[in-house]
């Protein structure tokens, strides 16, 4: 495997302007396949979720899955696309053993959704609009496993196994228009775009959206042109880039590789590229030219899909709030700073905070508990924060106890541990563990006298007006009372005792 | 059961058999056995009809015995039996069946057993009609003579040196030779009607979508249609009623059932109906004897009170050309699945390397016959980038024009009429090396497939010059299949009155094979397990 020359990313950016394009395949999570009644399930024994239709047996005919059409329309709407009133399927003819009929039933010149856009927010808040060319329905192919050769590739393999469980799984392919003007942010935009598509289909509930399972797969097209030139350069298509990080890396690598090719005066070859996660490089795949002839023609075994306007509007009414709009709304409602909100999103507790606020907590209290207490515990337990099992009502109850002065923050944290350990409600745990803030001044004054006697030099400093030194005395009192003292009251009493005006 | 009785049983129509079975005058086992005996007597050997590729004796007899037992027991189960329960049928070997091989007449599927039944086969089973076996055809239904079968040609019972038509020559010959009272065919460009015409039998191509295609191995999806083959118009109506109706497994299946076809066949009146002669579908290019019988049929219909009008369908002249673009285009894609990967024949290339592409190539080179290859190449070419608009695209436009011609014609006439085929049966081998001459056989039948309208062929008599059967074709608007049965039944009764009996009574006696071969020898060798 030869290694291609690359330019540094910065150098590439100095000379060239990248143009991107994406084809994102989304596997729908319908119960059955696109054109057959076989189950659409991931991970089962090979060739068990198949029937005669999926195997392309003689005489079989396809029957379109209505739920898949609904999901496709929902995706189209979420991508701000127009929905075709009537559209057809076509046959894409090519011989390959993962395709049981040796043609793929897809949509060609009549996609179900077209002319949309998606606004992508980059990390610094810049919004970049990506135009969507089309979103069309098609069926997935089976899965080939090449054995006996190197690197699992068909070249050099002794034999191949094919699993048709995936054959016929419904897919929606989302194709962007050429994305111009991203400049040096192209890799970041690439990642953000695929992340946004993934978030949308997950939010719609139409796909499991797990990239590691191939539910969302990305082909990334990259070309470069010298600054100021309008005509696009020749593109490469890096296939099956199947993680968000990989999308970013693959686009970056291809920009660097193209730049080196162009700098050498050679033409870029129009081809597919394979992405290698281990080396973070691509290698040459199949030469792809306009000579590829799939002999498309309208699928005669299916009738046109007619999407009445009423149906489309019914589906539109079921759409959940778009993720980006929801985030914007929540941040405004909660009054979090950009940084605070980003941390919440990154920690994955946005839904939980929303529920906690709904249960009666203020936005800042909800954030304090989730970000301050729960996220860390989840990290230690290696689970998502939402999976720890903290009920919003628990947080509200704990917080009320603190505000009422029944317990202090330190105790509240201890009570939370008790709740997580399954010891009962916060009230029960406070009771059981005998936790209560000591508010009788008698025992406190004794403890203060002891603390002042133990640290006479500190007492002098306080008398001299160095009020920040009071912490040492407070600490001593808290220690003596095993943390049950009300720190505020302790401070007041110390100052009183020493005759200092705060 | 005496030979005489057996000989009488096989000459009964399906409707007559059904009546006698219901009255318990005969048993289904007797009927099935009589047909199996007939198959054994006339189908095998060097000069046999060779209508069957596989005989399903055991299962057919078992179904017959089941029906007999239900009838004998009486009660609700007997009352619920379908009208045709116990009446045997043959199935074109393009239609998949569990428990019997399905070859499509091709080496590439030799020995293949379908894991599922075609919808029409399920319906035959639900009606408890014993399936006698699978009938011969041109490979993948591509041909008009059955000579393109990889398993040898079928012979025409009227003259064993002549073709029985195609692609469904096996089904037509089986019915004509009294080996089966009924059969299923498939019709893409005339494969039911043209064999019907040249064998003196009845064949119907139903309205596209009125009979499920699920389980019919596709040649050209937008043209293919399964339909009945029989000796009488009523029998076809009875069978059509069994196999028709919506099927959720076929997206092109019509949602609503056609009208009562059997009642239409029994109506017996054409008074006041307008019957249109299609100017472009007779005359030049048609054999004189064919024209004569056609004109006689018109005269009889006129006498029965029908009004004969002339209609013109100017775009029919382009139908054959457009058909030979659309059909191979779809076929090239439909037949791509036969690649040796999942089922059927697999041939390894003689020289290394053993790549998947070369295995597919070697399998298809060895497994497909010349006519299939010819059409795959034609279709692949017609769909290629740069040629698509000129070929497939133009052909689709012609198709629209043909549909408009039909609309205009049906505005003037209730039913259209023409000869089914331009000639009577030609000799085996006569046109085998002249594909264009072979294709011309379907010139009158193709327009119906292009427009999706139904067509029926019935015997019109024998041509004066060769004494061979001539077919009369009736065409009706989509979903108006009932009109075909109504007019067809009237014409049939008028013609039979004229002839003094069914046309097939005049067919030569088929000599029993010198040695009556046991049925087992007909069973495909691949079947022996």
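The label point for residue A:384 and the one for residue A:294, both projected 7 Å from the Cα toward the Cβ, are 3.4 nm apart. Report, in degrees rounded to the nearest 10, the 0 to 90 angle that the Cα long axis of helix A:441-454 makes with the longest principal axis of chain A. Here the helix axis deviates by roughly 90 degrees. Considering only C-alpha atoms, what is the centroid distance from the range B:362-425 to the range A:264-335, in Å? Spelled out, the Cα-based centre of one part sits 36 Å from the other. As a proxy for reagent exposure, B:262, B:42 were ordered by neighbouring Cβ count within 10 angstrom, fewest first; the result is B:262, B:42. In this simple spin-label model, placing a label point 7 Å from the Cα along the Cα-to-Cβ direction at both residue A:86 and residue B:299 gives a separation of 4.8 nm. How many percent of the alpha carbon pairs in the range A:323-433 exceed a separation of 18 Å? Tail of the P(r) past 18 Å holds 48 percent of the pairs. What the Kirkwood sum gives for the range B:453-496 is a hydrodynamic radius of 11.1 Å, with every pair of different alpha carbons counted. Taken as Cα centroids, the range B:106-172 and the range A:426-496 sit 101 Å apart, rounded to the nearest whole angstrom. Rounded to the nearest 5, the antiparallel percentage of DSSP beta bridges internal to chain B is 65%. Shielding of peptide B:209-221 by partners, expressed as the average count of other chain Cβ atoms within 10 Å per residue Cβ, is 3. Values of log10 I(q)/I(0) for the range A:441-498 across q = 0.18, 0.22 Å⁻¹ run -0.49, -0.74, by the Debye formula with one identical scatterer at each alpha carbon and no solvent. Which residues does the label zone of residue B:19 cover in the range B:261-291, counting backbone N under 19 Å from a point 7 Å along Cα→Cβ? Taking a point 7 Å out along Cα→Cβ of residue B:19, the residues of the range B:261-291 whose backbone N falls under 19 Å are B:261-269. What shape does the range A:243-367 take by its C-alpha gyration tensor, where a ≥ b ≥ c are the square roots of the eigenvalues and a/c under 1.5 counts as rounded, a/b above b/c as prolate, and the rest as oblate? Oblate shape, in that a/c is at least 1.5 and b/c is the bigger or equal ratio. Measure nothing but the geometry: give the 0 to 90° angle between the long axis through the Cα atoms of A:338-347 and the longest principal axis through the Cα atoms of chain A, rounded to 10°. With both axes taken from Cα atoms, the answer is about 70 degrees.
When both the range B:203-218 and the range B:487-502 are represented by their alpha-carbon centers, they are found 27 Å apart. At an R0 of 60 angstrom, the distance between the Cβ atoms of residue A:95 and residue A:420 translates into a FRET efficiency of 0.55.
Counting only DSSP beta bridges with both residues in the protein assembly as shown, the antiparallel share comes to about 80 percent.
Based on alpha carbons, the Rg and Dmax found for the protein assembly as shown are 39.5, 140 Å. Once C-alpha pairs closer than 8 Å and six or more residues apart are averaged by separation and normalised to the residue number of the range A:9-316, the relative contact order reads 24 percent.
Tell me whether the range A:80-209 comes out rounded, prolate or oblate; compute the Cα gyration tensor, take square roots of the eigenvalues as a ≥ b ≥ c, and use a/c under 1.5 as the rounded threshold. Note, shape of the range A:80-209 comes out oblate.
Against the main long axis of the alpha-carbon atoms of chain A, helix A:186-204 sits at an angle near 80°. For peptide B:379-389, the mean count of partner chain Cβ atoms within 10 Å of a residue's Cβ comes to 3. Starting from 0.36 nm per residue, how many nanometres of slack lie between residue B:499 and residue B:292 once their C-alpha separation is accounted for? Residue separation times 0.36 nm, minus the Cα-Cα distance, leaves 73.0 nm. Where both residues lie in the range A:90-181, what percent of DSSP beta bridges are antiparallel, nearest 5? So the antiparallel bridges in the range A:90-181 amount to around 100 percent. Applying 1/(1 + (r/R0)^6) with R0 = 35 Å to the Cβ-Cβ distance of residue A:431 and residue A:351, what FRET efficiency is obtained, to the nearest 0.05? Approximately 0.65, to the nearest 0.05. Descending by average beta-carbon neighbour count within 10 Å, the peptides A:327-336, A:406-415 line up as A:406-415, A:327-336, the highest first. For chain A, the calculated P(r) over all alpha carbon pairs, in 20 Å bins from 0 to the bin holding the longest distance, is 18, 40, 24, 15, 3 percent.
In terms of packing, defined here as the mean over residues of other Cβ atoms within 10 angstrom, the peptides A:316-325, B:176-185, A:57-66 line up highest first as B:176-185, A:57-66, A:316-325.
In the range A:323-433, Cα pairs under 8 Å separated by at least six residues give a relative contact order of 20 percent. Cβ crowding within 10 Å, taken as a proxy for footprinting-reagent exposure, orders A:145, A:105 from fewest neighbours to most as A:145, A:105. Shielding value for A:95-101 is 5, the average number of Cβ atoms from other chains within 10 Å of each residue's Cβ. Each 20 Å bin from zero holds the following percent of Cα-Cα pairs in chain B: 24, 59, 16, 0. Each of B:238, B:432 was scored by other Cβ atoms within 10 Å of its Cβ. Listed from fewest to most, they are B:432, B:238. Helical runs (DSSP H, four residues minimum) scored at -39500 (n - 2.57) apiece and divided by the length of chain A put the mean residue ellipticity at 222 nm at -11500 deg cm²/dmol. Here the contact order of chain B, divided by its residue count and restricted to Cα pairs under 8 Å and six or more residues apart, works out to 18 percent.
Helices in chain B, meaning DSSP H runs of at least 4 residues, each add -39500 (n - 2.57). Divided by all residues, the mean residue ellipticity at 222 nm is -11500 deg cm²/dmol.
Bear in mind these aren't lab numbers, they're just calculated from the coordinates by the rules spelled out. Because the structure is a prediction, the values reported are computed rather than measured. Please note: Cβ atoms are built from the backbone with ideal geometry, for glycine as well, and neighbour counts cover all protein chains shown.
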